[in-house]
1. Sort through 190, 195 and tell me the only one that's closer than 18 Å to residue 156 by Cβ and either in contact (Cβ under 8 Å) with a residue 24 or more places away in the chain or not assigned by TED's automatic domain parsing to the domain that holds residue 164 (or both).
2. Which of the residues belonging to segment 191-210 are assigned to a strand (DSSP E or B) and over 17 Å from residue 169 (Cα atoms)?
């Protein structure tokens, strides 16, 4: 079984660590500069003086860091949602005039707002292949993909011959023999598999680059799914692998 080689999103992991450490660092710096640092109750009294909204945005930053540690489009999308909540909290408090205070916790909030804006731009760069497997389902594991080769005919504005580099019951990666002319803006193609009972499947174009077409099957009937599973099973038996 073959898996597409994904790159480690190092920038995202660094941001995740930053978001995990930021709440603790913000609280410690604010505590050291507060009037509670020399009191008997110390940090307990300081913690009690922190508003619920402050605890909320600090907690959301921590949650964001945890979500970013898993490179998956579902967790990263949730991370964007938590960061948008932090920005909403900051805008709400700014609108109520709470940022007129010059405390370090407020400065920390303003700094994190700037950081979040930069982070969203950074995430836009990483939210793609080869850093994320875009075949992955939102809630369930992606279908196992195998490096089996079989001829295909891709029907777009013309018929393009090619061969699969990998294939699963949910999609395929196809290397074409010639350039897919007019591929810009192409969203759907029909794919014919001559060696799999001449099966024809409407597919969505995920990516096209260097004559390699990444496809996701959109209209795979139950009968065609069974044909494809039977073919995969025969290839797996030949290659000594296991169909998951």
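1. From the options 190, 195, the qualifying one is 190.
2. Of everything in segment 191-210, those that are assigned to a strand (DSSP E or B) and over 17 Å from residue 169 (Cα atoms) turn out to be 207, 208, 209.
The values are calculated or read from the model by the stated rules, or taken from the named source; none is laboratory data. Because the structure is predicted, anything quoted here is derived from the model rather than measured. A quick note on method: Cβ atoms are made from the backbone with ideal geometry, for glycine too, and the neighbour counts reach across all protein chains shown.
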